[in-house]
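First comes the structure, then the notes that go with it.
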Amino acid sequence: MASPETFYEVMRRQGITRRSFLKFCSLTAAGLGLGPAYVDKIAHALETKPRVPVVWLHGLECTCCTESFIRSGHPLAKDAILSMISLDYDDTLMAAAGDQAEEILEQTIEKYDGQYILACEGNPPLNEDGMYCIQGGRPYLEKLKHMAHHCKAIISWGSCASWGCVQAARPNPTQAVPIHKVIHDKPIIKVPGCPPIAEVMTGVVTYMVAFDRLPELDRQGRPKMFYSQRLHDKCYRRPHFDAGQFVETFDDEGARKGYCLYKVGCRGPTTYNACSTLEWNDGLSWPVKSGHGCLGCAENDFWDKGSFYSAVPKLNVMGGVEADANKIGVVLAGAAAVGVAAHAAVSVASHMKGKQAEEASDE
């Protein structure tokens, strides 16, 4: 079978120096949370492994994952698409259309059967035999199954492909389902978010290209390097949560002081993602930093979990004790009062002891 160029060969052909290539490997290792020892491994992998063929399909979705991906800064999306991978098919980005575009799918299977990565954005509808999403004259469901049968692994981009998202929200008239409900015999990497962070998407691609394997996944199939911590764990407003200081309404004094947004609906304590560490727009900001609570868009069924502006009930905090924001505030306020009272008692006792000592010396 034909073998595409390696990443290093493409970079050299484009005039990139060896020094710049090694600098890229160092930045890649840092971006993936890997130590300096991995720089040489990444460099060796990119020098010797061919570019990975990728077929990117679109089902029921709004294209926000692609919009996020093309805005990646580390690495740039153009570097990922033109150098790191061989993006053989993407009906949103490719120039070809119609029969010419559909022929590329069969050509990819013929050249790279069992070698290519299938990237899925959006999900398939099952109702009416998949007729709610037709591409190239056939249901997307049929197209998905056909391409999945010949692929090496699948990446489910975004919450639509990972969980179902808004298309699968109640009452779900099209019977839209996530990719793993349809494909059962291929490894699937879920990269949820509505959309996922750009650098998370390119980071997953970089890891797979560099190490020729799937990243370590959690029990839900998400890459641990990006989905192992709650937003709450790294949120800069966390001290206000611990102190019982909350925004009650979006225009109150607490909002102006940057207090915790939990009471006005922030899902940070129950959402696993990298927003609070990587942030968005090349590390510029993220919703909580902008003054709006997290919607929990990376979590399963987030559309069906009630209002986005009401607090998560029975939040599991403080050593496993179930409590809500009001109880937390009361507990912490009570603790503070006890502390003040204890300090006052110690101060009074110290003062009395000092006074008694003075009286004894006068005698």
Distance in nm between ASP301 and LYS49 label points, each 7 Å along Cα→Cβ, equals 3.7 nm
Using the Karplus equation 6.51 cos²θ - 1.76 cosθ + 1.60 (θ = phi - 60°), what ³J(HN,Hα) coupling, rounded to whole Hz, does each residue of segment 52-63 give in order, writing x for Gly and Pro? 7, x, 10, 10, 10, 9, 10, x, 6, 5, 10, 6
Kindly provide the chymotrypsin sites (Phe, Trp or Tyr not before Pro) of segment 235-272 that DSSP labels as loop, not H, G, I, E or B, and whose Cβ sees at most 11 other Cβ atoms within 10 Å. TYR236
Hull surface divided by four, with the convex hull built on the Cα atoms of segment 7-227: how many nm²? 11.9 nm²
Could you give each residue of segment 137-148 its phi-based ³J(HN,Hα) in whole Hz, using Karplus coefficients 6.51, -1.76, 1.60 with θ = phi - 60°, and x for Gly or Pro? x, 9, x, 4, 4, 5, 5, 4, 4, 5, 6, 5
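Grab the Cα-Cα distance for LYS145 and GLU103, subtract it from 0.36 nm times how many residues apart they are, and report the gain in nm with one decimal. Could the numbers behind the result be given before it?
Details: separation 42, 0.36 × 42 = 15.12 nm, distance 1.65 nm.
Extra length from LYS145 to GLU103 when fully extended: 13.5 nm.
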For the pair ARG170/GLU248, report the inter-label distance in nm, with labels modelled 7 Å from Cα in the Cβ direction. 3.1 nm
Rank the residues HIS180, HIS232, HIS44 as a footprinting-exposure proxy: fewest other Cβ atoms within 10 Å of their Cβ go first. HIS44, HIS180, HIS232
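Which ordering of CYS165, CYS62, CYS194 is given by a fewest-first count of other beta-carbon atoms within 10 Å? Intermediate results must be reported in sequence, preceding the final value.
Details: CYS165 26, CYS62 17, CYS194 22.
The fewest-first ordering by Cβ neighbours comes to CYS62, CYS194, CYS165.
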State, as an integer percentage, the relative contact order of segment 231-326 based on alpha-carbon contacts under 8 Å between residues 6 or more apart. 28 percent
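Would you please name the trypsin sites (Lys or Arg not before Pro) within segment 231-278 that are DSSP coil residues with at most 15 other C-beta atoms within 10 Å of their C-beta?
Sites meeting the loop and neighbour criteria: LYS257.
Counting residues in segment 164-255 as N, plug N into 2.2 N^0.38 Å and put the Cα Rg over that result.
Values: Rg = 18.2 Å, N = 92, 2.2 N^0.38 = 12.3 Å.
Segment 164-255 yields a ratio of 1.49.
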Taking THR249, THR174 and counting other beta carbon atoms within 10 angstrom, the fewest-first order is THR249, THR174
What do you get for GluC sites (Glu not before Pro) in segment 165-258 restricted to DSSP loop and a cutoff of at most 14 other Cβ within 10 Å of the site's Cβ? GLU216, GLU248
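Of LYS145/LYS224; LYS224/LYS257; LYS234/LYS257; LYS234/LYS263; LYS186/LYS234; LYS224/LYS305, which pairs sit farther than 22 Å apart, going by alpha carbon to alpha carbon? Mind dumping the intermediate values first?
Numbers: LYS145/LYS224 27 Å; LYS224/LYS257 33 Å; LYS234/LYS257 19 Å; LYS234/LYS263 18 Å; LYS186/LYS234 34 Å; LYS224/LYS305 24 Å.
In this structure, LYS145/LYS224; LYS224/LYS257; LYS186/LYS234; LYS224/LYS305 exceed 22 Å between Cα atoms.
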For segment 231-326, what D do you get in µm² per second when you plug the Kirkwood radius from alpha-carbon pairs into Stokes-Einstein at 25 °C and 0.890 mPa s? 181 µm²/s
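What does the extension gain come out to for LYS234 and THR92, with contour length at 0.36 nm per residue minus their alpha carbon separation? Could the numbers behind the result be given before it?
Values: separation 142, 0.36 × 142 = 51.12 nm, distance 3.50 nm.
47.6 nm is the gain from fully extending LYS234 to THR92.
Could you calculate the FRET efficiency of LYS23 with GLU67 from 1/(1 + (r/R0)^6), where r is the beta carbon distance between them and R0 is 35 Å, rounded to 0.05?
On the way: r = 28 Å, r/R0 = 0.81.
Efficiency at R0 = 35 Å is approximately 0.80.
All of the numbers you see were taken from the coordinates with simple rules; none came from a lab. Bear in mind that the values here come from a model prediction, so they are computed numbers and not experimental data. Note: ideal-geometry Cβ built from the backbone for every residue, glycine included; neighbour counts use all protein chains shown.
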